[in-house]
Each structure stands twice: as structure tokens, then as C-alpha cells.
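Please read the structure below before turning to the comments.
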Number of protein chains: 2
Amino acid sequence: MMLINGQSDDSVSVLDRGLSYGDGLFETIRFEQGRAPLWARHMQRLAWGCERLRLPAPDTALLWQEARQVTGAQALCVLRITMTRGLGQRGYALPVPVSPTRIVAAFPMPAVCGTLYTHGMRLHRCRTTLADQPLLAGIKHLNRLEQVLARAEWSDPDIGEGLVCDSHGNVISTTAANLFAVIDGMPVTPAVDRCGVAGVARAAMLDAFPNCQVRDLSLDEAMRASELFLSSSVRGILPVQAVGDTVYAPGPVARAMQQHWRELGFAVECA
Amino acid sequence: MMLINGQSDDSVSVLDRGLSYGDGLFETIRFEQGRAPLWARHMQRLAWGCERLRLPAPDTALLWQEARQVTGAQALCVLRITMTRGLGQRGYALPVPVSPTRIVAAFPMPAVCGTLYTHGMRLHRCRTTLADQPLLAGIKHLNRLEQVLARAEWSDPDIGEGLVCDSHGNVISTTAANLFAVIDGMPVTPAVDRCGVAGVARAAMLDAFPNCQVRDLSLDEAMRASELFLSSSVRGILPVQAVGDTVYAPGPVARAMQQHWRELGFAVECA
């Protein structure tokens, strides 16, 4: 089920700037039994992204009401909230006044096999690199062709994600999740101030594990890490089993963050 | 009037990847009295862009038929062709099989005052810079947030365009047109292999003026150029009158390219 500007609908105008220019942003939010433990963080990131893209701030109470309406009685689902700059004439100039398009839609939870949480996920090492764009870095915006091209690099169903670097040889994330590495016993997650998305699950882990460093992380360092794991607000904490031929074992830091994920209120581990 | 996959319609599914990820590309084509002098070049770029984005090649005969249908008897209009990767489930993986969405829509020609062609246009110098992404450079894709942010830097209606650089201090283009400079008597246009769009009017001018250099052009060089002018497949050849406080006079190279533009078959100079 989905709502567009509060109305039950499933299509948007061809003139919507979300379609014309990818002019907008989105959130994907895990719902369990009508609850979204990371809701406040999602709303915080959405407001921050809107401010950076010069979009009007969303009404979070209204979004919550619409989220409840579309997720209904589903035990487990993913909510996608999309905010675009709404209708515009042809051309890049911002429409005045602006009337954003608000799309609130529920989707089935992607199937994540339980063994991925225990034994880890296999990763492809992507050749596609992320461009440095500090003006857009961190924002979960609608310009996602880099991720589409990176994800198109493999079709092996046993590979769940692709490791993506920037153009300087630093790892940034995977195609659809944030990355953590354990280096000399300490957790590290790549900075996302030049590219990448400031993940909500990543933010929750950074708050709970203040010893975690946020910094540039070279691919070489990541490949030598004692642990490698992913954070996703939809899928939680996923150990990495292998990147190409390099094998990792799930370790104590990933286990501790998985434990914290459950303590946040996520009960259903395997969908 | 507009056609979506050949049907008269004005909306697309919320699940269209054009909206979800900006996963697609477009062309804007000037039509005069049912004729589009640069049609073949637009089709060439569209096919090239589709290949790079791994989209099925469009049927250009069908596109022409639909273009004629939506432009009808209009004396002067702009046709926008948008191709997206069509419907997809949530997630970046390419849908298999893919069924692209084809949008063909006619818009009124933007008002371009005749004095702009004779006396030139005023430009804002944008602070927004374009990120290097060789995988997407040149393609007129739907990920246009950089252009939206650059265009949002000014609201003065007397300023028609913004000059945009890359992160290394080279000028690349304006927000919605390609750029030419005359340096030591020779025309130069910036390379668009790391960012920017490979404009169709630019390609037509490069073919007609083989002495024109394609290379990196520093902002300093551009600011000292004896002529500065823009090329746009919708608006033609537009001299630059000023970038901020730096003033330029329309010169012989811009005039020669304007003459070539008319010889290509564009008769109506002022809309």
C-alpha cells in the first residue's frame, strides 16, 4: 500500500522533479509489529537532508501517521518515504513556491537468510568508484546511478553486496549498506563527508560504541581487518564472510553490535 | 501533450526506477515547424548513453513517430525524451527482464530574448562544483542534483546561466549548456570525460569547426578569454556578456557559430 501526499495512489506526474532530475531524497525504515525503533533517527536524517537540498522540512507527525497507515498489521516490512521537490517546469531552477511530493509506501522485507547473520555474507569488490561530492555526501538522495552501476557488476545470487571505494582507494561502503572494519582490535567506519550515505544504523552503532573511529579507511587496511561487517537500517548487522577470495570470520565486535541491534528493539532476525 | 510507452498519459508508477534512483537518461530537442535538424545526433547520443547505462537501445523510428505526434503543428517547441529502466522492486539490482519506460513530451520553447543573441547573456559564477565520475561523464542522465544546487545559487532574473567548474578549478559548462572560449584566437571547449554533458549542439559545432580544441580549460584561462559563449541544442549559440563583474564582447567566433546554427536549419532565432 502507498500514499502520495496523503492520498492512496500509485503514480506521480511525469513533471515531478523526482523523476526529471532525481531531485529529492528517501528513507528506508524497518517496521516490526507496527514499531520502528530507529524512527527518530530516520526523521533526523530526513530533516537534515531536506535542509541541505533546500527542501521544506517534512511534518514528522504526519509521516508517522501515514507510515502506520501503510504498514498496518504487517509483522515485518520496509517503509520507504520519498520526498521530491514536486512539480516543476522544464529547467533546473527551483520552483517557487515549492510543493514537495511525499510518497509513503510499504514493501515486503527482503529475504535475509539466518545463516548470513551467523556465518556472514559474501561480497563482490566493485570496480565502480564513488565520486567526491561534499555537497551531497551523506544524504540519501535520489541520484543513485553510481549504486545502480556498482550493483550491476555481479549477478551471482550467493553474493549479497558489493564493496565500493572512492576514487582515492578508500573503502566507503557497500552498494546498499555501511561498512565497519576492526583494525588492531578497534572498530572503524569510513567517513562519509565526501561520498557515501550517513546510515541510520551506522549512527546508532556510533552512539553505542563511542570507541569506534570515523576516518578514511584504505582498501588495503580493510582487506587486512580482523573483522568486516555491514550495518543497514533494514537488515541490521551483517558479518562479511568474504570479499572476493579474501575470507573473514565473524568476530566479537560484530557480535556485540548484533546484540545492540536486538537491544534497540529489533526482535525478528531472519526474514 | 505527452506519451508514455506510446499511450497518452501524464503519470508514471511510483515504482519506476527513474523516480526511485534517477535510473535513466533524457534528451531535449528543439523542434521548428515539425523539423528537428539535430535529430540524428540526439538519437546517437541517446543510444550511446543507453549502452553505457546498460539500457536496451531505443527504437528511433518509433521515437520519431511519437515525437511528431506530440509536437504536432507547433511552430516552435522543445521535445523531451526520457528513458528510464522502468519498474523495479526495491533495491539497486537491475530488473530482469527490463522493460524501460519511454516518455515523449512536448514543452513550450523557453523565452530567449533576441538581445541575448546579439549582446550576450550574464552568467553567475557557481560555487557548486561538479564531481569527477568518468562512468557517467558525458551522459545526459537523470542524476541532476548538482545542476539543481548550482542553479539554486542565484535568483536574479537578469542572470541567465551559471558557470560551473569541476573540483580542480577547470570550467566545464554552465548549468544547462556547454561552453566555448576563444583563447589566443582559437576556440576551445572543455573536455567532458570526467564530468559534464556531451552536448549535441557542441558536437555539431566541433564537426563544423575542426580547429576547435577539446581540452581542460582552467577558470583563469576562461576568465581571460577574448570570447566566451554557450551552445545549447534548445537555445543555440549564446554569447556571454559577463561572468560576475568580468565583461566580454560577442566576437567573430561566436558569430560564425551562430551562422552555422542557422545553416543547420534553425530559422527562428527569438522565441
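The values are calculated or read from the model by the stated rules, or taken from the named source; none is laboratory data. These numbers come from a predicted model, not from an experiment. Reconstructed Cβ throughout: ideal geometry from the backbone, glycine too, with neighbour counts over all protein chains shown.
Quick look at the numbers
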{"read-out": "Residue check for B:L163: more than 12 Å from chain A (Cβ to nearest Cβ) and on the phi < 0 side of the Ramachandran plot", "value": "yes"}
{"read-out": "Count - residues of region A:141-160 that are more than 10 Å from chain B (Cβ to nearest Cβ) and closer than 14 Å to A:T174 by Cα", "value": "3"}
{"read-out": "Index of the failed condition, B:A152 passing every other in (1) within 30 Å of B:E227 (Cβ to Cβ); (2) without any contact (Cβ under 8 Å) to a residue 24 or more places away in the chain; (3) surrounded by 20 or more Cβ atoms within 10 Å (Cβ to Cβ)", "value": "(3)"}
{"read-out": "Filtered residues of region A:83-137 (kept if under 30 Å from B:A105 (Cβ atoms) and among the aliphatic types (A, V, I, L, M))", "value": "A:M83, A:L87, A:A93, A:L94, A:V96, A:V98, A:I103, A:V104, A:A105, A:A131, A:L135, A:L136"}
{"read-out": "Test: A:R194 is crowded, with 24+ Cβ neighbours inside 10 Å, outside any strand (DSSP E or B), in the same structural domain as A:M121 (by TED's automatic domain parsing) and of a type in the set (D, E, K, R)", "value": "no"}
{"read-out": "Test: residue in region B:1-18 that is within 14 Å of chain A (Cβ to nearest Cβ) and at pLDDT below 95", "value": "yes"}
{"read-out": "Residue satisfying all of: in region B:206-220; without any contact (Cβ under 8 Å) to a residue 40 or more places away in the chain and of a type outside the set (D, E, K, R); surrounded by the fewest Cβ atoms within 10 Å (Cβ to Cβ) among these", "value": "B:P210"}
{"read-out": "Filter result (assigned to a helix (DSSP H, G or I) and in contact (Cβ under 8 Å) with a residue 60 or more places away in the chain) within region A:20-45", "value": "A:S20, A:Y21, A:R41, A:H42, A:R45"}
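Table: residues versus (1) within 14 Å of chain B (Cβ to nearest Cβ); (2) closer than 19 Å to A:L142 by Cβ; (3) basic (K, R).
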position: A:C50; (1), (2), (3): yes, yes, no
position: A:P58; (1), (2), (3): no, yes, no
position: A:G72; (1), (2), (3): no, no, no
position: A:R80; (1), (2), (3): yes, yes, yes
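Per-residue answers, yes or no, for (1) more than 30 Å from B:P252 (Cβ to Cβ); (2) at pLDDT below 95; (3) touching a Pro at 6+ places or on another chain (Cβ under 6 Å); (4) not charged (D, E, K, R):
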residue: B:D59; (1), (2), (3), (4): yes, no, no, no
residue: B:A67; (1), (2), (3), (4): yes, no, no, yes
residue: B:A73; (1), (2), (3), (4): yes, yes, no, yes
residue: B:R80; (1), (2), (3), (4): yes, no, no, no
residue: B:T115; (1), (2), (3), (4): no, yes, no, yes
residue: B:D132; (1), (2), (3), (4): yes, no, no, no
residue: B:L135; (1), (2), (3), (4): yes, no, no, yes
residue: B:G138; (1), (2), (3), (4): no, no, no, yes
residue: B:R144; (1), (2), (3), (4): yes, no, no, no
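The rows are residues; the columns are (1) surrounded by fewer than 22 Cβ atoms within 10 Å (Cβ to Cβ); (2) touching a helix residue (DSSP H, G or I) at 6+ places or on another chain (Cβ under 6 Å); (3) assigned to a helix (DSSP H, G or I).
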| site | (1), (2), (3) |
| --- | --- |
| A:C165 | no, yes, no |
| A:S173 | no, no, no |
| A:L179 | no, no, no |
| A:A204 | yes, no, yes |
| A:A222 | no, no, yes |
| A:S231 | no, yes, no |
